[in-house]
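Please read the structure below before turning to the comments.
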Amino acid sequence: MSKPDYSPIESPVAYEAKWARLWREGRIFEADPIKGKPKFFICVPYSYQNGPLHLGHAFTFTRGDSYARFKRMQGFNVLFPWSWHWTGEAVAGTSERLKRGDPAIVRLLRDIDNVPEELIPRFTDPAFICKYYTGENRKVVDAMGFSVDWRREFYTTDLHPYYSKFIQWQYLRLREKGFVSMGEHPVVWCPACQSATGDHDRLVGEGIVPEEYTLVFFECDGFYLAAGTLRPETVFGATNVWLNPYAEYVLVEYYGKRILVSRKAAEKLMEQKHGINILRPINAKELMGKKCKAPITGSELPILPAGFVDPNVVSGVVFSVPAHAPYDYAALLELQRNITEGMSMYAELLKGLRPISIISVPGYGDFPAVEVVNRMGISGQDDERLEEATREVYSKEFHEGIMKNNCGEYSGLPVRVARDAVKARLISSGLGDVMYDLPSKVVCRCGSECLVKVVKDQWFLTYSDPEWKKKVRMQIMKMNIFPEEARQWFLNVVDWLRDWACTRKTGLGTPLPWDRSWIVETLSDSTIYPALYTISKYMNDGTVKPDQLTLEVFDYVFLGVGDPEKVSKETGIPKSVLESMRDEFLYWYPVDCRISAKELVPNHLTFYIFHHVALFDEGLWPRCIGVNGMVTVEGEKMSKSKGNMIPIKAALAKYGVDATRCTLLLAAEGMDDPDWRDKNAQETRRMLDLFLKIVEEATSSELEACEDRLERWLISKMVKRVKVVTDAMESLKTRTACHEALYGMYNDWKWYVRRRKKLTRSVLTFLDTWVRLLAPFAPFTAEEAWSKLGNGGFVSLARWPDYRPEEVDELAEASEELIARLLGDLREIIEVTERKPIRAHVYTSSAWKLKVLSIILGFDLKDVMKEPGIVIKESLKVFPDKRKEIPSIVKKIVEHISSFPSEISRNVLLELASQEKKVYDEAKSFLESEIGCPFHIWAEDEPGIYDPMGKSRHALPLRPGIFVEINP
RNA sequence: GCCGGGGUACCCGAGCCUGGUCAAGGGGGUGGGCUUAAGACCCACUGGCGUAGGCCGUCCUGGGUUCGAAUCCCAGCCCCGGCACCA
């Protein structure tokens with residue numbers, strides 16, 4: 001593929017390009033099978049090449065790459081491949097708009113997507129668009145430091161030499177297994193464009209989908225009035241049929257019958273049914289007052305005029321159910337109230353109409369529609385509140401309604417059951433049918449009003465197949481899904497999934513192998529392509545020619561079916577090559593992890609599982625899916641029309657790669673939506689620079705060996721951070737992991753350098769670990785630091801730090817906690833006095849209180865908090881002379897002890913309490929410099945103690961008394 | 001409507017599963033240190049009250065469980081996302 005360098009990727013961070021180059025030259029991310037080495041195959045969905053990659057892509061990709069890098073450092077042989085999605089109709093749409101000279105599209109390409117002006121004319125070719133963006137985006141992916149094995153790259157559609165072969169093999173095999181079938185399907189259709197009108201192609205009516213209505217045939221004079229309804233079961237409660245006297249009606253020849261509908265409806269039906277014809281117009285007025293016969297019930301109902309009947313809605317014929325439909329009741333009321341001139345001849349008929357109750361609903365009487373209309377004070381059919389009234393009655397009756405005894409064989413059935421049963425009976429007896437219509441107006445981008453067309457001969461993936469679903473559900477239960485909440489979502493999607501129309505007439509893609517007038521639709525040609533990554537390098541390097549890829553080759557490699565000897569003879573691919581392809585597939589498969597944004601849960605990710613389940617052996621089904629949220633920018637949804645779409649390239653140019661990666665990672669995890677904020681990116685940039693400065697400072701200092709409490713503290717904290725980061729990564733909590741690796745480690749470092757004025761040898765251990773922990777998230781900065789620390793090679797290939805629990809030192813940690821608390825107490829006191837301190841005195845508690853502490857720790861702290869009495873009694877036995885102090889001292893100690901983290905064991909607390917004075921003595925000079933005055937540390941019962949305020953009495957174990965002398 | 005996710009301080013956001021360490025962390029703001037200055041960096045404060053480490057308040061609303069609730073239970077209100085011919 002030609003990839004002219006239209007514009008370079010620039011980062012303000014000089015070392016980023018350097019390391020990207022060294023990785024490329026070292027080919028360190030190229031992964032081949034290694035016998036005996038555990039593998040890890042991770043991938044992200046390829047992106048559609050109709051524009052520059054933006055921060056939304058960057059988020060998912062960075063999570064994937066961080067995980068890949070983490071696993072690589074853990075010693076796995078990691079495969080992280082890349083490719084590009086070209087399939088779809090959108091790019092073709094762009095080309096068309098450009099050809100028509102749409103100025104908006106030129107503006108978008110030039111101003112938003114920064115396409116060089118001179119190239120825009122070439123965008124009239126859809127393939128060029130994909131090619132252009134693929135070239136641009138490959139540079140971005142490379143610059144981002146994604147650890148990709150580029151030898152396996154491909155793109156989709158039949159423009160690619162072998163991708164289509166793979167898809168055609170997939171579809172032939174799916175069809176053989178019965179997962180592809182032909183059917184018909186209603187779509188929103190533009191009669192002018194002669195194509196389906198997707199949401200993005202609409203001027204009006206986004207989100208509107210075809211609604212299915214039931215036509216109910218009422219016989220009259222040898223033909224049928226076809227009334228449309230959402231509630232066929234209410235035919236039992238029909239009182240009459242309404243026609244609009246001023247609308248145009250026609251008689252339609254309809255499968256051996258003649259039906260009457262509005263002219264508009266007839267036109268709609270022509271798009272939905274085979275071989276129906278409009279016979280002649282009918283004057284509705286001539287039908288008024290006549291009787292017609294309802295299906296199933298056989299009731300004779302009058303035909304009456306009503307202006308509210310809209311000929312543009314469904315069939316333009318309505319049957320009235322005033323008992324259960326608020327609109328019908330309101331209309332009836334109004335007509336009965338003021339019978340106009342033209343209506344006078346029907347006065348008797350109108351007056352005779354009474355609601356017929358057919359459904360009982362808890363909480364309502366016989367006539368819910370009447371009740372609701374009266375309650376809401378609705379007086380006429382134009383009242384807007386009828387919408388709400390209808391919603392209420394429909395919903396109540398659907399969920400809780402029961403058909404009454406006057407409903408024949410449907411009596412006693414729940415409404416929701418009766419509805420489908422009545423509909424089925426109407427259709428099978430030829431007295432009804434299905435008609436689709438749009439619940440509200442939809443206008444195509446071309447300006448024409450859309451209608452519903454039933455697309456014939458459409459190919460479907462039969463996702464509704466219960467056996468198929470069952471296997472998919474079982475796999476979903478088995479696999480790892482992060483976060484866990486997404487699992488239930490997947491299960492729900494499987495439940496609701498219907499058959500999926502998998503072919504299209506237009507756009508780029510792979511022709512359906514058995515009917516080349518169709519193209520495999522975009523979501524349907526991107527399900528099992530991770531399998532292709534395992535062998536694509538053989539085609540890319542020319543070992544296997546695309547035209548050698550017969551069905552038998554794919555059968556052998558992916559299914560283990562067939563004899564390699566024979567396949568080799570037929571194709572000319574050496575047998576050894578076939579066998580290594582097969583081996584390589586089996587080495588990498590199954591996919592160990594696929595990471596994607598949550599918008600793909602209800603479609604791509606679920607399809608991905610379905611197709612693997614359909615085609616491969618059970619051991620090769622996906623092992624894990626990670627789902628994440630969708631990026632917003634400064635709290636707003638990102639979109640081109642809002643102009644807040646941030647291309648990755650722009651973020652890189654401003655903050656550098658690692659800051660971009662970390663800002664995204666730090667913004668959210670789980671299914672929460674990360675919010676990109678400029679301020680956060682600046683801060684992250686500063687933090688990474690500071691980290692490098694810390695490394696430089698440490699490596700340029702004279703470091704002495706030192707073994708003390710604080711050194712042990714530093715290493716202990718570090719070891720614990722290792723565990724937190726590792727555990728977080730294992731469950732794909734990239735935010736927690738990145739945060740701990742960056743800020744967690746930094747907080748420990750800050751405290752350490754504040755306590756220790758001069759750096760020691762231990763900091764090298766600390767920094768070594770810190771660099772490794774950062775490497776998955778900020779790989780460039782980590783490599784730079786790695787080399788500054790004097791290491792050769794790449795930290796990208798270094799070992800992930802092990803958790804070494806033996807280096808945890810709870811006592812050292814608790815000691816520092818004690819010092820921090822003392823410092824906090826001192827600060828608070830000094831602040832309240834609002835004076836400069838001249839001397840501070842600290843009193844540690846006397847030995848008997850320590851003994852009381854040990855008594856307390858002999859009990860379960862929970863019990864003690866509930867019942868302090870047990871400890872008080874016990875303590876009194878030991879110190880009968882402290883009768884006065886003990887009750888309150890015990891309570892205070894218990895309260896204070898409970899403020900320590902519960903992971904600190906009681907042994908550590910006791911040990912710490914016994915060393916308390918020593919701990920303060922060791923930190924004396926630190927405390928003096930922090931507070932800015934001399935310190936004295938006394939024991940409570942020390943002779944000659946200076947304690948003019950009697951503060952030593954208040955001393956408790958692990959909480960000394962304090963007296964601060966201040967300038968008066 | 002159906003399904004999924006949420007509501008935490010000035011802002012963003014953790015904690016919730018497994019109740020007590022607790023209202024993390026970052027931004028912004030205020031004050032101080034370092035500095036010729038600026039920037040960077042460091043420290044403190046950032047719900048209220050307080051001349052001694054304290055007291056009171058707070059996690060959408062209202063109830064409940066508990067010695068103890070941001071966390072568990074019940075009811076309600078509100079917000080966001082997906083719902084198929086878009087990728």
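The values are calculated or read from the model by the stated rules, or taken from the named source; none is laboratory data. Treat the numbers as computed from the prediction; the structure is a model and nothing was measured. Ideal geometry is used to build each Cβ from the backbone, glycine not excepted, and the neighbour counts take in all protein chains shown. What goes into the accessible areas is simple: the full protein's heavy atoms, side chains included, and nothing from ligands, DNA or RNA. Shrake-Rupley method; radii C 1.70, N 1.55, O 1.52, S 1.80 Å.
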query: Dividing the alpha-carbon radius of gyration of region A:756-885 by 2.2 N^0.38 Å (N being the number of residues), what value is obtained?
result: 1.74
statement: Contour minus Cα-Cα span, A:V561 to A:K884, at 0.36 nm per residue, comes to 107.4 nm
- prompt: With the dipole of region A:818-935 worked out from charges on the C-beta (+1 for Lys and Arg, -1 for Asp and Glu) around the Cα centre, which of A:Y843, A:V832, A:P887 lies farthest toward the positive end?
  reply: A:P887
message: In Å, what Kirkwood hydrodynamic radius results for region A:820-966 from the alpha-carbon pair distances?
response: 16.1 Å
field: All lysines inside 23 Å of A:K569 as judged from Cα atoms, apart from same-chain residues fewer than 8 positions distant
entry: A:K165, A:K537, A:K545
query: What does the convex hull of the Cα atoms of region A:554-605 come to per residue, in Å³, rounded to a whole number?
result: 99 Å³
field: Cα-derived Rg over Rh, computed across region A:211-437 with Rh taken as Kirkwood radius
entry: 0.95
- request: Taking only protein heavy atoms into account and a 1.4 Å probe, give the accessible area per residue of region A:211-437 in Å².
  value: 43 Å²
- request: Counting other Cβ atoms within 10 Å, keep those with at most 10, restrict to DSSP loop, and tell me which trypsin sites (Lys or Arg not before Pro) in region A:612-679 are left.
  value: A:K642
query: What spacing in nm lies between the two simple spin-label points modelled at A:K679 and A:E96, each 7 Å away from Cα in the Cβ direction?
result: 4.6 nm
statement: Plugging the Cβ-Cβ distance of A:S899 and A:R473 into 1/(1 + (r/R0)^6) at R0 = 45 Å yields, to the nearest 0.05, a FRET efficiency of 0.40
- line: Per residue, accessible area of region A:535-588 with a 1.4 Å probe, heavy atoms of protein chains only, in Å², comes to 44 Å²
- request: Starting from the coordinates of the alpha-carbon atoms of region A:59-127, obtain the Kirkwood hydrodynamic radius over all distinct pairs and give the value in Å to one decimal.
  value: 15.0 Å
- prompt: For labels at A:M182 and A:D457 in the simple 7 Å Cα→Cβ model, what's the distance in nm?
  reply: 0.7 nm
task: Pick out, from A:W496, A:Q74, A:S395, the residue whose Cα sits farthest towards the positive end of the charge dipole of chain A, with +1 on the Cβ of Lys and Arg and -1 on the Cβ of Asp and Glu.
output: A:Q74
query: What span do the alpha-carbon atoms of region A:174-260 cover on each of the three principal axes, reported in whole Å from largest to smallest?
result: 50, 39, 27
- prompt: For A:N312, what charge total do you get from the other residues with a beta carbon under 12 Å from its beta carbon, if Lys and Arg give +1 and Asp and Glu give -1?
  reply: -1
- prompt: Given H placed 1.01 Å from N in the peptide plane, which residues other than close sequence neighbours of A:T632 have an amide H under 5 Å from its amide H?
  reply: A:D675, A:W676
task: Taking the Cβ of A:K456 as the centre, find all other residues whose Cβ is under 11 Å away and add up their charges (Lys, Arg: +1; Asp, Glu: -1).
output: -1
task: Just the ratio, please: alpha-carbon radius of gyration of region A:247-296 over 2.2 N^0.38 Å, N its number of residues.
output: 1.19
task: At 0.36 nm per residue, minus the direct Cα-Cα distance, what do A:N374 and A:H399 gain on full extension? Give it in nm, one decimal, please.
output: 6.8 nm
C-alpha center-to-center spacing [region A:73-137, region A:540-556] in angstrom: 29 Å
task: May I ask for the distance between the Cα centers of region A:222-246 and region A:344-408, given as a whole number of Å?
output: 16 Å
Cα centroid separation - region A:460-510 against region A:423-449, whole Å: 27 Å
Computed FRET value (nearest 0.05) for A:R686 with A:E206, which takes r as the C-beta separation and R₀ as 35 Å: 0.25
query: Give or take rounding to whole Å, what are the principal axis extents of the alpha carbon atoms in region A:568-639, in descending order?
result: 60, 24, 19
message: Using the Cα centre of region A:689-808 as the reference point, and only Cβ charges (+1 on K/R, -1 on D/E), how large is the resulting charge dipole? Debye, rounded to the nearest 20.
response: 420 debye
statement: Relative contact order of chain A (C-alpha contacts under 8 Å, at least 6 apart) in percent is 13 percent
message: If R₀ is 45 angstrom, what is the calculated FRET efficiency for the pair A:R835 and A:D727, using the beta carbon separation as r and rounding to 0.05?
response: 0.40
- request: For each pair in A:K37/A:K478; A:K131/A:K649; A:K642/A:K679; A:K18/A:K757; A:K478/A:K717; A:K469/A:K733, compute the distance between the two Cα atoms and list the pairs where it is over 28 Å.
  value: A:K18/A:K757; A:K478/A:K717; A:K469/A:K733
field: Kirkwood-based Rg to Rh ratio, chain A, C-alpha trace
entry: 1.10
- request: Please state, as a whole number in µm²/s, the translational diffusion coefficient that the Stokes-Einstein equation yields for region A:781-841 at 20 °C and 1.002 mPa s, with Rh defined as the Kirkwood radius across alpha carbon pairs.
  value: 132 µm²/s
- request: Once every Cα of region A:451-527 carries one equal point scatterer and solvent is ignored, give the base-10 log of I(q)/I(0) from the Debye formula at q = 0.14, 0.22, 0.23 Å⁻¹, two decimals.
  value: -0.61, -1.01, -1.05
message: Per q in 0.18, 0.22, 0.23 Å⁻¹, report the Debye log10 I(q)/I(0) for region A:271-355, using one uniform scatterer on each alpha carbon and no solvent.
response: -0.93, -1.29, -1.38
message: If you take every residue apart from A:A323 with its C-beta less than 11 Å away from the C-beta of A:A323, what net charge results, scoring Lys and Arg +1 and Asp and Glu -1?
response: -2
statement: Excluding ligands, DNA and RNA, the carbon-plus-sulfur percentage of the accessible area of region A:35-180 with a 1.4 Å probe reads 51 percent
task: Express the accessible area of region A:757-870 per residue in Å², computed with a 1.4 Å probe while the remaining protein chains stay in the model.
output: 44 Å²
- prompt: Roughly speaking, to the nearest percent, how much of region A:820-966's 1.4 Å accessible area is carbon and sulfur?
  reply: 52 percent
- prompt: Where nothing but the Cβ of Lys and Arg (+1) and of Asp and Glu (-1) is charged, how large is the charge dipole of region A:820-966 around its Cα centre, in debye to the nearest 20?
  reply: 440 debye
statement: Of all chymotrypsin sites (Phe, Trp or Tyr not before Pro) in region A:473-515, the ones in DSSP coil with at most 14 other Cβ atoms within 10 Å are A:W514
Estimated dipole of chain A in Debye, rounded to 20 [Cβ of Lys and Arg +1, of Asp and Glu -1, Cα centre]: 620 debye
message: If I require 24 Å or longer along the helix axis, counting alpha carbons, and a Kyte-Doolittle average no lower than 0.0, what helices from chain A are left? Use full DSSP H segments.
response: A:810-833
- request: For region A:535-588, give the percent of accessible area contributed by carbon and sulfur heavy atoms, probe 1.4 Å, rounded to a whole number.
  value: 51 percent
field: Value of Rg to Rh for region A:139-295 (Rh from inverse mean 1/r over Cα pairs, i.e. Kirkwood)
entry: 1.22
message: Let me check the size of region A:122-232 from its C-alpha atoms; what are the radius of gyration and Dmax in Å?
response: 23.8, 77
task: Using only the Cα atoms of region A:689-808, construct the convex hull and provide its projected area averaged over every direction, in square nanometres to one decimal.
output: 7.0 nm²
- line: Rounded to the nearest 5, the percent of antiparallel DSSP beta bridges in chain A equals 70 percent
task: Please name whichever of A:L413, A:F319, A:F166 sits farthest to the positive end of the charge dipole of chain A, dipole taken about the Cα centre and charges placed at Cβ: Lys and Arg +1, Asp and Glu -1.
output: A:F166
message: Quick check: residue separation of A:H936 and A:K892 times 0.36 nm, minus the Cα distance between them. What number comes out in nm?
response: 13.4 nm
- line: For A:K273, counting only aspartates and glutamates whose alpha-carbon sits under 18 Å away and dropping same-chain residues fewer than eight positions off, the answer is A:E184, A:E211, A:E212, A:E253, A:D433, A:D437, A:D457
